[in-house]
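Please treat every number below as a calculation from the coordinates, not as lab data. Every value quoted in this text rests on a predicted model; they were computed, and no experiment measured them. Methodologically, a virtual Cβ is constructed for each residue, glycine included, from the backbone with ideal geometry; neighbour enumeration extends over all protein chains shown.
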Amino acid sequence: MTYCVGMVLEKGLVLMSDTRTNSGVDNISTFRKMFQWSVPGERMIAVMTAGNLATTQAVISQLDERTKTPSERDNALLKGPTMFQVVTEIGRLLRATIETAQKVNGEGGKGRFTATMIVAGQIAGMQPRLFMIYPEGNFIEASWDTPFFQIGETKYGRPILLRGYNREMTFEDAVKLMMVSFDSTLKANLSVGLPLDLLVIGKDEFAATHEHRITSDDPYFDTISSGWGDALRSAFHSLPPYRFSDDA
């Protein structure tokens, strides 16, 4: 399992993903689930993945190979004229990869090779855009009504994002909000784990505004984790007490 979040702000895009991949309590590994490509001054595109590791790595490898072959006609990452066309091609690759794996493994392979992806980025002359791709290759786009996407183990961190999100918030506040969301997920589910990868994409910058890997000894994340726990306990005790009678 994994946990990834992509968020749209007035100022740009913020992405965060964990790195844990496990096939049981005694087989835990760390793999990057966030990838990025850019053309300075022209485009910046990032992808986060969740699901079957072999499936997602196959898709990312195909995308990466195309960026190394400038003459490739269907190099959507570097040559797609719109983010819609970029995401359409990534969705096609995801669907084709899953279908190939299922054919090789027969009926028993159905459901084992599914994966979902979050694609974020901006192409010059257009607005930053955020998409979520389903295993079938179709996708939806974020809007101001649905300004963030989660994939993987989503339920533990979602309430925090719903309560704290504001499209006009600063990048710094968005990162802090995501850290709280991830900390709550880490506390509740062992299949999500550190390190975390963070990427901020400022509007019209076409490069990473800020990127950082959050490890187990990161002092700021430790402060957020302990501070959030203290704040929750303080908020709980500040609420009116429940009483068994109406005497009071």
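What size of dipole, in debye to the nearest 20, comes out for the chain about its Cα centre when the only charges are +1 on Lys and Arg C-beta atoms and -1 on Asp and Glu C-beta atoms?
About 560 debye.
Work out the FRET efficiency for THR146 and PHE244 from their Cβ-Cβ distance, taking R0 = 51 Å, and round it to the nearest 0.05.
Given R0 = 51 Å and the Cβ-Cβ separation, E is 0.75.
Report, largest value first, the span of the C-alpha coordinates of the chain along each principal axis, in whole Å.
Answer, in whole Å and largest first: 78, 46, 36 Å.
Sort all Cα-Cα distances of the stretch 1-87 into consecutive 5 angstrom bins from zero, then give the percent of pairs in each bin up to the one containing the longest distance.
Spelled out per bin, shortest first, that is 3, 12, 20, 22, 18, 13, 8, 3, 1, 0.
Starting with the fewest neighbours, write out TYR220, TYR242 ranked by other beta-carbon atoms found within 10 Å of each beta-carbon.
Fewest-to-most ranking of TYR220, TYR242: TYR242, TYR220.
At a 10 Å Cβ-Cβ cut-off, how would you order LEU63, LEU177, fewest neighbours first?
LEU63, LEU177
Would you report the distance distribution of C-alpha pairs in the stretch 95-178 as whole percents per 10 angstrom bin, up to the bin with the largest distance?
Spelled out bin by bin, the stretch 95-178 gives 14, 36, 29, 16, 5 percent.
Dipole size in debye (nearest 20) for the stretch 83-145 around its Cα centre, Lys and Arg Cβ +1, Asp and Glu Cβ -1?
200
Sort out for me the Cα centre separation of the stretch 147-194 from the stretch 117-131, rounded to whole Å.
20
Have a look at GLY137, GLN102, TYR3 and report the one farthest towards the positive end of the charge dipole of the chain, computed about the Cα centre with Cβ charges (Lys/Arg +1, Asp/Glu -1).
Looking along the dipole axis, the top candidate is GLN102.
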